[in-house]
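Below is one structure; the comments refer to it alone.
FYI, it's all coordinate maths here, none of it is from the lab. Quick caveat, the model's predicted, so the values are computed rather than measured. Neighbour counts are summed over all protein chains in view; Cβ atoms, including those assigned to glycine, are modelled from backbone coordinates with ideal geometry.
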């Protein structure tokens, strides 16, 4: 499992395009929004939590099809399917590798972008905490969407259509944590819901994703 | 004699062919009675005027939008567990109907909201969760259309229906948390203290029954169409081989 994780991370970093691209996209979202809505600090402070979460979500979405597509094309998925490692385990590992190369950089870059968007000071801690808690869920849910569409020739757009509605609860609670944190309110309730979604997705979705992969390999 | 006999396509075609004219007639009858009763024979409500009459479309459509998804969830589970093709095809047949009910619910709500709330759309929890439900229907239908092999498509959409149900349910409660609503609370429940008065309630019941029958009719027709198109494809494949 560890070997698979290291292999996936290496491929993601070395193959180019996947690793830095999500981060660059996140930066671009944070730059584009002030250009669109105007530079008033008060407006930006108000929408910063939502924009940062939506940006993180979209950058995560951008690299999802890489989780399985290349391995599916060159036959590595068939090897994984016949290996002693259960498909559920392989899916979970691949989702975690995706999180380490996409989600984790987003979490660490978010405070810097928070400065660009004039996020109020108490919000930074909760921005990092909520993204660190929420992005694993985004990766696992995304892995499920990628598993559903892996057999299709041009599945990218369809995958977005399938995955975005599934992202909604995570987005709502995640952005709510930052919004409340930035306003200095108690964050425990949305934070607990966010953690629950992540824990539940991590525990259950690999089974659904593995089922979808098996169907697609048939 | 068990319910699984109807999973045999031939038996299903026989039974549904026999039932279809009756269900169609009944649904036309109840819809005409319910809508005419509701639209023309009930008094205007004192605060809302005649706009209140849109509930005879709005409420049944919204109820059926949720029921259709539930039916798809059940038939998807049956397909995954017992591999009955009729079940998978019924789920496929129900999806566009459910989407249309969702859209009718949203549109009639907007038409009512404009004079009453002063806005076509508000980010109210119920409205938002219905919009999300519509997106789930869209994704489900798109996945059916995209996958070529029918058995693969049935498997993948069934898994999506199960996972989607969980997340649709989560979204429904997440949006409650996210914003306060304009939409009124439940007023048709059997256990609530304050309900809609009987003058509106009785024709509404007839309309709901009409929408249920309409849904059954449409699902039967569409499932029969799907089964026939499978038969045609099987015949074409056999011709090619011969």
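Whole Å is fine, so just give me how far the alpha carbon centre of the range B:85-129 lies from that of the range A:94-163.
29
Tell me the angle of helix B:9-40 to the major Cα principal axis of chain B, expressed in degrees between 0 and 90 and rounded to the nearest ten.
Helix B:9-40 sits at roughly 10 degrees to that axis.
Helix-derived [θ] at 222 nm for chain A: sum -39500 (n - 2.57) over DSSP H runs of at least 4, divide by residue count, nearest 500?
The per-residue figure over chain A is -27500 deg cm²/dmol.
Divide the volume of the convex hull of the Cα atoms of the range B:4-140 by its number of residues and quote the answer in cubic angstrom per residue.
Once divided by residue count, the hull of the range B:4-140 is 112 Å³.
Could you give the distance between the Cα centres of the range A:55-75 and the range B:1-77, to the whole Å?
Taking the Cα centre of the range B:1-77 as reference, the centre of the range A:55-75 is 42 Å away.
Considering every residue in A:146-153, what mean count of other chain Cβ atoms within 10 Å of its Cβ is obtained?
Going residue by residue through A:146-153 and averaging, the value is 4.
Report the label-to-label distance for residue B:238 and residue B:117 in nanometres (one decimal), using points 7 Å from each Cα along the Cα→Cβ vector.
Distance between the two pseudo-spin positions: 5.5 nm.
Which of B:23, B:59, B:81 moves the most in a Gaussian network model of chain B with Cα springs under 10 Å?
Maximum fluctuation in the GNM of chain B, among the listed residues, is at B:81.
At 20 °C and a viscosity of 1.002 mPa s, what translational diffusion coefficient does Stokes-Einstein give for the protein assembly as shown, taking Rh as the Kirkwood radius over Cα pairs? Give it in µm²/s as a whole number.
Roughly 88 µm²/s, to the nearest whole number.
Calculate, axis by axis, the spread of Cα positions in the range A:134-218 along the three principal axes, and write the results as whole Å, longest axis first.
Between the extreme Cα coordinates on each principal axis of the range A:134-218 lie 52, 25, 13 Å.
Using only Cα atoms and rounding to the nearest 10 degrees, what angle (0 to 90) does helix A:2-14 make with the longest principal axis of chain A?
The helix A:2-14 is inclined about 60 degrees to chain A.
Give me the one-decimal nm value for the distance between modelled label points at residue A:188 and residue A:79, 7 Å along each residue's Cα-to-Cβ direction.
Roughly 5.1 nm, to one decimal.
Between residue A:5 and residue A:125, with labels modelled 7 Å along Cα→Cβ, what's the label distance in nm to one decimal, could you check?
Result for the modelled spin labels: 2.9 nm.
Estimate the FRET efficiency between residue A:21 and residue B:28 by the formula 1/(1 + (r/R0)^6), using the beta-carbon distance for r and 41 Å for R0, to the nearest 0.05.
Calculated transfer efficiency: 0.15.
Given a Förster distance of 35 angstrom, what is the FRET efficiency for residue B:205 paired with residue B:110, based on the Cβ-Cβ distance and rounded to 0.05?
The value I calculate is 0.90.
Using Cβ contacts closer than 10 Å as the measure, can you line up A:98, B:183, B:84 from fewest to most?
The fewest-first ordering by Cβ neighbours comes to B:183, B:84, A:98.
For helix A:41-62, report the angle its Cα long axis makes with the longest principal axis of the Cα atoms of chain A; keep it between 0 and 90° and round to the nearest 10°.
0
When the convex hull of the Cα atoms of the range A:2-217 is projected onto a plane and the area is averaged over all directions, what value comes out in nm²?
Average projection, Cα convex hull of the range A:2-217: 11.4 nm².
Tell me, what are the semi-axes, in whole angstrom and largest first, of the equivalent ellipsoid of the range A:39-141 as set by the roots of 5 times the Cα gyration tensor eigenvalues?
Semi-axis lengths for the range A:39-141 are 35, 12, 8 Å.
Sort all Cα-Cα distances of chain B into consecutive 10 angstrom bins from zero, then give the percent of pairs in each bin up to the one containing the longest distance.
7, 26, 32, 22, 10, 2, 1, 0
Please compute the average number of Cβ atoms from other chains found within 10 Å of each residue's Cβ in peptide B:123-133.
Average neighbour count from other chains, rounded to a whole number: 1.
Can you work out the FRET efficiency for the pair residue B:231 and residue A:115, with r the C-beta to C-beta distance and R0 = 60 Å, to the nearest 0.05?
Computed FRET efficiency for residue B:231 and residue A:115: 0.40.
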